[in-house]
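The structure appears below as structure tokens.
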Amino acid sequence: MSTELNSGAAPGLSQIERVTNTFLAPSKTFNDIRDHNRSWWVPYLLSMVFVYVFFALVTVKVGWHQVGDNILSSDVKTQERLAQAPPEAKEQALKMTVLFTEGIAWGSAAVGLIIALIASLVLWGSINFIFGGKSKFSEVFCVWMYAGLPGIFKMLLGSVMVYLNAPDAFNIKNFAPTNLGAFLPADANKFLMVLATKMDITDIWGLVLLSIGLAIVAKVGKSSGYMVVFGWWFILLFLGLVGAAFSG
């Protein structure tokens, strides 16, 4: 991680101050990333603590076998296909679903880093080569980590929902009531479900922070940061809606 310092500049923020200002005065945090160091491990570790506490609660209160069964039960087409399948095929489908879901959950630390690296590379290229920004990849990567901090509130709410919901009602694909999709029935239209799920308050909060931070480290107007971040968000939303339309 880079520790480049601007000689003659004001002293940098502490890591605790950076985290606090991400919520209270985000521009201070992102200016500090641009002007001082690109240390990203504190927000990453903080996020991972909440992620793994949540998955530990899922393990104890719900169980991964039940999680997998809930995933299969919530998909009408999968249920129709398995209804015609022999018992061995149903058991294998459940086993693979549990294995994949639990693997992704406990591998969140690595998965999160991979996503951060890919997303930061895309954003870095977009803001620099399309909008004439002057950001460094390490700056964008650090901004991504701090912009993800609102996700801890989603993990907290998800942990509460683990206790409030019956195990057979737990939906790991949308585990916290931070979006409109959480209030739709499981058999709702997939197109509508994707659209409603994307309207997530913690995700949008993070996107706003990411837009502000990207513009600051790239030394461009905030509108450019918003266009890059939400432009890619709309592209991903569109692809999700197309996939939902084709899958029925």
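The values are calculated or read from the model by the stated rules, or taken from the named source; none is laboratory data. If you're wondering where the values come from, they're calculated on a predicted model, not measured in any experiment. All Cβ positions, even for glycine, are placed from backbone atoms using ideal geometry, and neighbour counts span all protein chains on display.
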Next on the checklist: Quick check on the range 14-39: of everything there that is modelled with pLDDT under 95 and over 14 Å from C142 (Cα atoms), which residue is surrounded by the fewest Cβ atoms within 10 Å (Cβ to Cβ)?
Outcome noted: I16
Checklist entry - Do we have any residue at all in the range 112-119 that's over 12 Å from the mean Cα position of the chain (by Cα), within 27 Å of W40 (Cα to Cα), buried (at least 16 other Cβ atoms within 10 Å of the Cβ) and not hydroxyl-bearing (S, T, Y)? => result no
Next on the checklist: Among the listed residues A109, A85, identify the single one that is surrounded by fewer than 16 Cβ atoms within 10 Å (Cβ to Cβ), touching a residue at least 60 places away in the same chain (Cβ under 8 Å) and farther than 15 Å from N171 by Cβ.
Outcome noted: A109
Next on the checklist: Take the conditions touching a Leu at 6+ places or on another chain (Cβ under 6 Å) and over 23 Å from M193 (Cα atoms) and apply them to P43. Does it pass?
Outcome noted: yes
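Here's the yes/no breakdown for (1) assigned to a helix (DSSP H, G or I); (2) at positive phi; (3) not small (G, A, S):
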{"position": "L156", "(1), (2), (3)": "yes, no, yes"}
{"position": "P185", "(1), (2), (3)": "no, no, yes"}
{"position": "T197", "(1), (2), (3)": "yes, no, yes"}
{"position": "S211", "(1), (2), (3)": "yes, no, no"}
{"position": "F238", "(1), (2), (3)": "yes, no, yes"}
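Scan the range 152-167 residue by residue and report those that are among the small types (G, A, S) and surrounded by fewer than 21 Cβ atoms within 10 Å (Cβ to Cβ).
Listed by number, the residues that qualify are S159, A166.
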Item to check | Condition check for V98: under 28 Å from L236 (Cα atoms) and either of a type in the set (A, V, I, L, M) or free of Cβ contacts under 8 Å to residues at least 12 places away in the same chain (or both) | outcome: yes
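Condition check ((1) under 25 Å from A147 (Cβ atoms); (2) at pLDDT 95 or above; (3) touching a strand residue (DSSP E or B) at 6+ places or on another chain (Cβ under 6 Å)) across all residues:
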| site | (1), (2), (3) |
| --- | --- |
| K61 | no, yes, no |
| E80 | no, no, no |
| E91 | no, no, no |
| G112 | yes, yes, no |
Checklist entry - Taking G181, is it surrounded by fewer than 22 Cβ atoms within 10 Å (Cβ to Cβ), assigned to a helix (DSSP H, G or I) and not β-branched (V, I, T)? => result yes
Checklist outcome for this item: When the range 198-220 is checked residue by residue, the ones that are of a type in the set (G, A, S) and farther than 18 Å from A25 by Cα are A218
Checklist entry - Only one residue in L192, L207 is at pLDDT 95 or above and either assigned to a helix (DSSP H, G or I) or of a type in the set (V, I, T) (or both), so which one is that? => result L207
Next on the checklist: Quick check on the range 159-172. Is at least one of its residues among the hydrophobic types (A, V, I, L, M, F, W, C), within 26 Å of I201 (Cβ to Cβ) and under 15 Å from the mean Cα position of the chain (by Cα)?
Outcome noted: yes
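Matching residues to (1) farther than 23 Å from F55 by Cα; (2) charged (D, E, K, R); (3) surrounded by fewer than 16 Cβ atoms within 10 Å (Cβ to Cβ):
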{"site": "S135", "(1), (2), (3)": "yes, no, no"}
{"site": "L149", "(1), (2), (3)": "no, no, no"}
{"site": "D187", "(1), (2), (3)": "yes, yes, yes"}
{"site": "L236", "(1), (2), (3)": "yes, no, yes"}
Next on the checklist: Just to be sure I understand the filter: pairs with C-beta atoms under 9 Å, separated by 6 or more residues or on different chains, first member in the range 14-39 and in contact (Cβ under 8 Å) with a residue 60 or more places away in the chain and in a helix (DSSP H, G or I), second member among the hydroxyl-bearing types (S, T, Y) and surrounded by fewer than 16 Cβ atoms within 10 Å (Cβ to Cβ). Which pairs pass?
Outcome noted: T29/T20
Item to check | Selection count, the range 144-175, where residues are within 27 Å of N21 (Cβ to Cβ) and in contact (Cβ under 8 Å) with a residue 24 or more places away in the chain | outcome: 15
